[in-house]
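Comments concern the structure below.
Computed from the coordinates by the stated procedures, all read-outs in this text should not be read as laboratory data. Computed from a predicted structure; not experimentally measured. Neighbour counts are summed over all protein chains in view; Cβ atoms, including those assigned to glycine, are modelled from backbone coordinates with ideal geometry.
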Amino acid sequence: MFKLYTFYLSTNGRKVHMALEEAKAAYEISPVNLLKGEQKSPEYLKLNPNGKVPTIVDDGLVMWESIAILLYLAEKFPAANLLPAAAAERARAFQWLVWQPTTFGAPASALFRQMRFTPEDKRDQKVIDQARSEVTKNAEILADGLQGRDYLAGTFSVADMALMPYLHVLAELKLALPGAVDAYHKRLAARPSWQKVLAYTG
Ligand SMILES: N[C@@H](CCC(=O)N[C@@H](CS)C(=O)NCC(=O)O)C(=O)O
């Protein structure tokens, strides 16, 4: 039985939650309330010294870093086909799995923080403009990557799960996204695994 330590609104936690659902893994969630600072408690820091979610525990293996966890789940549940078998498609999945945390995630999160969690009189217009311009550029890169395919690596994979929580956030902000990205987001949002993630409210 996997244990997933997460906060229900965490984008990084949602990736892993979605993958556990897709893998049909037996798991339970141990909530870590980020708003109460529980991620910095001495007990939690013993599991994850970064003081962040997610963390998983699998039969004595304690693991953090959401992308590494996605890859672990893909290996552990081969029948779920969470990574393509062919080298070229697999490489494509790895590319997007690295692009998400290094390029795509931060401006999307920054924009969401400014627009949703910062009172209007405290918002930083420079940060908003910068984040919006990066998000727009990244959405075009994503649209290019989706040309001729429904999923980033051809077939549905952990790469799509890495992106999905951020697409959800951008959709909540009602940003105008390229048609291909909008359709991709809707395709992922319709999956029962994502519906399960959204239904979890801590
Ligand atoms: N690189 C880490 C990032 C984890 C992360 O930043 N988690 C956020 C929630 S999405 C968090 O726990 N923030 C709380 C904090 O920094 O105190 C991963 O991919 O797992």
For this session: Could you pull the Cα extents of the range 94-202 along its three principal axes, largest to smallest, in whole Å?
Result: 44, 33, 24
Exercise. Among L111, L173, L61, whose mean-square fluctuation peaks in a Gaussian network model of the chain (Cα, cutoff 10 Å)?
Worked result: L61
Problem set entry | Proximal aspartates and glutamates relative to K3, as straight alpha-carbon distance under 12 Å, when same-chain residues fewer than 8 apart are discounted | E28, D58, D59
For this session: Label the range 2-81 by shape, choosing from rounded, prolate and oblate, from the square roots a ≥ b ≥ c of the eigenvalues of the Cα gyration tensor; if a/c is under 1.5 it is rounded, and otherwise prolate applies when a/b is larger than b/c, oblate when it is not.
Result: prolate
For this session: Report, in debye and to the nearest 20, how large the dipole of the chain comes out about its Cα centre when Lys and Arg carry +1 and Asp and Glu carry -1 on their Cβ.
Result: 220 debye
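Could you give the length gained by full extension between E38 and A106, i.e. 0.36 nm per residue of separation minus their alpha carbon distance, to one decimal place? Working shown, then result.
Values: separation 68, 0.36 × 68 = 24.48 nm, distance 2.25 nm.
In short, 22.2 nm is gained.
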Problem set entry | 14 Å Cα-Cα reach of K46 towards aspartates and glutamates, excluding residues that sit fewer than 8 places from it in its own chain | E38
Problem set entry | Stretchable slack from V98 to D124, in nm (0.36 nm times residue separation minus alpha-carbon distance) | 6.5 nm
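Which order results if H168, H17 are arranged by neighbouring Cβ count within 10 Å, fewest first? All intermediate terms of the calculation are to be shown ahead of the outcome.
Details: H168 19, H17 25.
Ranking H168, H17 by Cβ neighbours within 10 Å, fewest first, gives H168, H17.
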Problem set entry | All aspartates and glutamates inside 19 Å of K186 as judged from Cα atoms, apart from same-chain residues fewer than 8 positions distant | E21, E22, E140, D144, D150, D160, E172
Exercise. Mind checking which helices in the chain clear 24 Å along their axis (Cα) and have mean Kyte-Doolittle hydropathy of -1.0 or more, DSSP H runs only?
Worked result: 125-145
Problem set entry | Inverse mean reciprocal Cα-Cα distance (Kirkwood Rh) of the chain, Å | 17.5 Å
For this session: Would you order E65, E120, E21 from fewest to most other beta-carbon atoms within 10 Å of each residue's own beta-carbon?
Result: E120, E65, E21
